[in-house]
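Report on the following structure.
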Amino acid sequence: MALHANLRTVASRVAVFVALAIPLAVAVPVSDYLVDAGDGWGIEKLMSWDLTGISYFSGQNYRAGGIRPDPIDNLECYSPRLFDGCELVPFVNRAEATARWGAAVAEQPLSYLKHRALIFSMLLRAGCDRCSPYSWVDHSDPNPYGFEFKSNSMHRLLGKAQKILVRSPLGRPYVWLVAAVGLTAMMWHRREITLALISASGVVYTLSYALVAPSDEFRYLYWLFFSVVIVITAVVFGSTNRFRFRALAMWVVIPVLLAGVTERLLRYQWPTDDIAPSMATNY
C-alpha cells in the first residue's frame, strides 16, 4: 500500500513537471513563428567573441580564415564587456563556426579560460573599479515590429531604485552569489529541500554565464537576486525558529562580509580594469 502511494506521488510530480515544461518548450518556437523571427546566429556570435578573446590573450589570430581574411591587425577593439566590440567573425555556416571554435579552444585552453574568467568577473563586478553595467532600460529601442513601451510613474520609481541598488555594495552580483551559496547550504543542512533548490537554482543559473555570458548587463542576474530574496523572506517570515537570524548570520551574512573584504583587497592589489584595452567601453 505504501509503495503504491509513493508511486502515485511520484507520478503526480512527474505530471506536474511535464505540464510546466511543455509551455516552456513551445514558447520560443511559437513566439518566433508569430513575429516571423529569423535565426540571429546567437551561438555563432558567442563563438566569434571567444575567438577574439583567445586571439587577444594568446597573441595568435584565430579570427582569420573562413570566407575572408580578418582585416584587424591588432585587437584594441577587444572588450570583455561587449561581444561585438570587434567586428564579428563571418562564418560560412554553423559547422564551420563550431570547428574553428573547437580547434581554438583545444589549442589555447588557457587563453580561453582567461577570456571567459574576465567576462564572468565583469558580470559579477568582482575585481573592477570602473565597471558600470547597463542596468536599466528607460526607452524603447527601434525595432521592425514597432513595439514600444511608455514610461509611467511606477517605471520611473523602479528605475531610480535600480540605479541606487547598482551604486551600492549590493549592486555587485558576486555578493548575491555568495549569499545564494550560503542559503543553499543552510537550507540543505536544515533539510528544507524546496528552499535549498530555489537558492541553488540561482547559483546554477549564474554559473552557467561563465560559459555563455554575452555581456555584463545587470539584468542577466535578476533570478539570482530573486532566489535570494525569496528564500530569505521564507526564512524570516515563514519560520518560527528563534535561531533563524543566528543561522542567517552564520551561513549568509558572515560569508558575504568575508567575500566583500577579500574582493576589495584583491581589487586593490590586482584590479582587472586594465587587463583589456576596452574595459571602459559602455553601451
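Read-outs throughout are calculated quantities, based only on the coordinates presented, and are distinct from any laboratory measurement. Bear in mind the structure is a predicted one, so any value in this text is a computation, not a measurement. All Cβ positions, glycine included, derive from the backbone under ideal geometry; neighbour counts span all protein chains shown.
Meeting the requirement of 1 or more residues that are under 30 Å from residue 53 (Cβ atoms) and free of Cβ contacts under 8 Å to residues at least 24 places away in the same chain, the helices (runs of 4 or more DSSP H) wholly within segment 210-283 are 222-237, 254-269. Among the criteria (1) under 30 Å from residue 256 (Cβ atoms); (2) in contact with a Gly (Cβ under 8 Å, 6 or more places away or on another chain); (3) among the small types (Gly, Ala, Ser), the one residue 111 does not fulfil is (1).
Inside segment 166-184, residues that are without any contact (Cβ under 8 Å) to a residue 12 or more places away in the chain and not basic (Lys, Arg) make up a count of 2. Only residues that are under 28 Å from residue 135 (Cα atoms) and polar (S, T, N, Q) were counted across segment 225-249, and they come to 2.
Among the residues making up segment 256-273, a single one is surrounded by fewer than 17 Cβ atoms within 10 Å (Cβ to Cβ) and touching a helix residue (DSSP H, G or I) at 6+ places or on another chain (Cβ under 7 Å): 260.
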